[in-house]
Amino acid sequence: RAKEQGRNNCQLYTPEMNSKAFERLSLENNLRKGLEREELVLYYQPKVNVEDGQISCMEALVRWQHPTMGLVPPARFIPLAEETGLIVPLGEWVLRTACRQNREWQKAGYPPMQVAVNISPRQLQQGNLVDVVERALSDSGLAPRWLVLEVTESIMMDGTESTLATFRVLERMGIHIAIDDFGTGYSSLHYLKKFPIHALKIDRSFIRDITTNPDDEAITSAVITMAKGLNLKVVAEGVETVEQLEVLRALQCTHMQGHLFSRPAPAEQFAPVFGRAAGAYLGFGTWC
Ligand code: C2E
Ligand code: MG
Ligand code: MG
Ligand code: MG
């Protein structure tokens, strides 16, 4: 009977599913080892203040430099890291590395910029984010005002009270909090009032067709106006063309990020552009 059932159960799994599960498991083991072997690398992407053409912030975006798979993008391993809890040590490594890098840039004498780190819900649920952040700052010597934590709207939905308490401590420390991918989650405007937020990043999906889709332009315009009224910085994500930049500029958007300015790249590639205004299209001369 048991044998029969076992065989029946087995039939529920197609060879394809087995290989998927296997792939997942081996990816998980690999990622665990990759973290230990320091195969993770941080790329950085500038957020540009379009009023003066300067970089106001560098966002750290993790990649996995795998010995055989090559450079693995975060979409391929962050969801798995979140499911398995590996995101906790991984996220701490990102935070520490980004703080240290920013401190290095400051020590080298470049104009000071903020560094932004993406934070997963799991890292907040862990309950020790404040300690982890404090340690990353004190070990690197970076002042809190140069650190931005990017969180998604969903973070404010789960564990509201403890999240709020954590955000308040971080805010008192002088750390900035930005809402990433704004407009794609369950944005309750209530949270904007309740949480100590410093910036909104308008999701790329609203920017992509902004030059041709009046709805996207209207939504973006409303978010910018609201952000200004709430005294929040606003950053448009995924700006790829001069036409998009012009529409956003007309809407008084002051900060932008996207391939038009720079793709994410390793830290050392940015040294030559620090302190130089971005792009001819901003009227500040050329960048690179
Ligand atoms: P995100 O934080 O919203 O980052 C923006 C993503 O859009 C990045 O993808 C970036 O390379 C891409 N991007 C930037 N400008 C443009 C553009 O003009 N056009 C287009 N098509 N794409 C653009 P990436 O680096 O693949 O990261 C994807 C996501 O992975 C991030 O979205 C973030 O949610 C997550 N992620 C990356 N690094 C970390 C990390 O250290 N921790 C956590 N928890 N998540 C991370
Ligand atoms: Mg982000
Ligand atoms: Mg984003
Ligand atoms: Mg995103």
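Okay, here's what the table says:
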{"item": "Single residue of segment 113-142 satisfying the filter (of a type in the set (D, E, K, R) and surrounded by fewer than 15 Cβ atoms within 10 Å (Cβ to Cβ)) that is farthest from Pro89 (Cα to Cα)", "result": "Asp139"}
{"item": "Segment 230-243: number of residues that are within 23 Å of Ala116 (Cβ to Cβ) and not in a loop (DSSP other than H, G, I, E, B)", "result": "4"}
{"item": "Odd one out for Arg145, checked against (1) surrounded by 17 or more Cβ atoms within 10 Å (Cβ to Cβ); (2) modelled with pLDDT of 95 or more; (3) in contact with a Gly (Cβ under 7 Å, 6 or more places away or on another chain)", "result": "(1)"}
{"item": "Among residues of segment 78-98, those that are touching a residue at least 24 places away in the same chain (Cβ under 8 Å) and either within 16 Å of ligand 2 (Cβ to nearest atom) or of a type in the set (S, T, N, Q) (or both), counted", "result": "11"}
{"item": "Of all residues making up segment 99-157, the number that are basic (Lys, Arg) and within 16 Å of ligand 4 (Cβ to nearest atom)", "result": "1"}
{"item": "Selected residue (criterion: farthest from ligand 2 (Cβ to nearest atom)) from residues of segment 49-65 that are crowded, with 17+ Cβ neighbours inside 10 Å and closer than 19 Å to Arg32 by Cβ", "result": "Trp64"}
{"item": "Filter result (more than 9 Å from ligand 1 (Cβ to nearest atom) and surrounded by fewer than 20 Cβ atoms within 10 Å (Cβ to Cβ)) within segment 39-48", "result": "Glu39, Val41"}
{"item": "Residue ID - surrounded by the fewest Cβ atoms within 10 Å (Cβ to Cβ), chosen from residues in segment 207-226 that are within 16 Å of ligand 1 (Cβ to nearest atom) and closer than 15 Å to Val242 by Cα", "result": "Asp209"}
{"item": "Failed criterion for Leu147 (all others in (1) closer than 29 Å to Asp216 by Cβ; (2) within 16 Å of ligand 1 (Cβ to nearest atom) hold)", "result": "(1)"}
{"item": "Pick from segment 172-206, criterion of a type in the set (S, T, N, Q) and out of contact with any helix residue (DSSP H, G or I) (no Cβ under 7 Å at 6 or more places or on another chain), ranking: surrounded by the most Cβ atoms within 10 Å (Cβ to Cβ)", "result": "Ser205"}
{"item": "Test: residue in segment 123-136 that is at pLDDT 95 or above, part of a helix (DSSP H, G or I) and in contact with a Cys (Cβ under 7 Å, 6 or more places away or on another chain)", "result": "yes"}
{"item": "Within segment 158-189, considering residues that are within 16 Å of ligand 4 (Cβ to nearest atom) and among the β-branched types (Val, Ile, Thr), the one nearest to Val235 (Cα to Cα)", "result": "Ile179"}
{"item": "Qualifying residue in segment 246-257 (condition: within 22 Å of the chain's Cα centre (by Cα) and more than 15 Å from Gly53 (Cβ to Cβ))", "result": "no"}
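The values are calculated or read from the model by the stated rules, or taken from the named source; none is laboratory data. Note that the structure is predicted; figures quoted are calculated from it, not measured. So basically every Cβ, Gly included, is an ideal-geometry build from the backbone, and we count neighbours across all protein chains shown.
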